[in-house]
Amino acid sequence: MKILAIDDAPIIFKQLQYLLNDLDHIELTGNAKNLDEAYNFLKTNKPDIIILDLKLKDENGIELLEFVTKNHPEIKTIILSNEGDYFYRNKCKQMGAAYFLDKSYEFDKLIDCITEIQDSNP
């Protein structure tokens, strides 16, 4: 499975590389730091999973979640954000996010989410 990370923090991408390095059949194919990079990546590549932060400098990842849900419903989106309050969790779930994880205390659940998606797509 191919994964695209959309996060403007280099440390998060490094953590994702480390975390996903030992998983079989998982490839971290890229990192977009803003919405333009994410849209451009999606024009030429089709990841199976997107790991998306909601806060990208002055941009809002919810815009991209809406785009992916409408135009690429086969791509599963995992929100990984510090904006973990009920409002954002509920909104993202309603918009089609497969999972919502708070970066501060749920980062370690990411592998379980990816494994569940992988297991549901033989």
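Within the range 34-52, the only residue that satisfies the criterion of being open to solvent by 10 Å² or more (accessible area, probe 1.4 Å) and closer than 19 Å to residue 99 by Cβ is 48. Residues in the range 83-106 that are assigned to a loop (DSSP other than H, G, I, E, B) and under 13 Å from the mean Cα position of the chain (by Cα): 96, 97, 98, 103.
When residue 79 is tested against (1) part of a helix (DSSP H, G or I); (2) open to solvent by less than 80 Å² (accessible area, probe 1.4 Å); (3) modelled with pLDDT of 95 or more, exactly one condition is not met: (1).
Matching residues to (1) β-branched (Val, Ile, Thr); (2) touching a residue at least 24 places away in the same chain (Cβ under 8 Å):
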| site | (1), (2) |
| --- | --- |
| 3 | yes, yes |
| 8 | no, yes |
| 15 | no, yes |
| 36 | no, no |
| 44 | yes, no |
| 49 | yes, yes |
| 62 | yes, yes |
| 81 | no, yes |
| 84 | no, no |
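Residue count for the range 95-122 satisfying the condition of being more than 15 Å from residue 19 (Cβ to Cβ), among the charged types (D, E, K, R) and open to solvent by less than 50 Å² (accessible area, probe 1.4 Å): 1. Scanning the range 54-65 for any residue that is out of contact with any Ser or Thr (no Cβ under 6 Å at 6 or more places or on another chain) and farther than 22 Å from residue 32 by Cβ turns up nothing. Only residues that are assigned to a loop (DSSP other than H, G, I, E, B), over 20 Å from residue 113 (Cα atoms) and touching a helix residue (DSSP H, G or I) at 6+ places or on another chain (Cβ under 7 Å) were counted in the range 22-76, giving 0.
Flag set for residue 63, criterion: open to solvent by 90 Å² or more (accessible area, probe 1.4 Å) and touching a Leu at 6+ places or on another chain (Cβ under 7 Å).
The values are calculated or read from the model by the stated rules, or taken from the named source; none is laboratory data. Just so we're clear, the structure is a prediction, and the values are computed from it rather than from any experiment. All Cβ positions, even for glycine, are placed from backbone atoms using ideal geometry, and neighbour counts span all protein chains on display. Accessible surface is based on the protein model in full, side chains and every heavy atom, while ligands, DNA and RNA are left aside. Shrake-Rupley method; radii C 1.70, N 1.55, O 1.52, S 1.80 Å.
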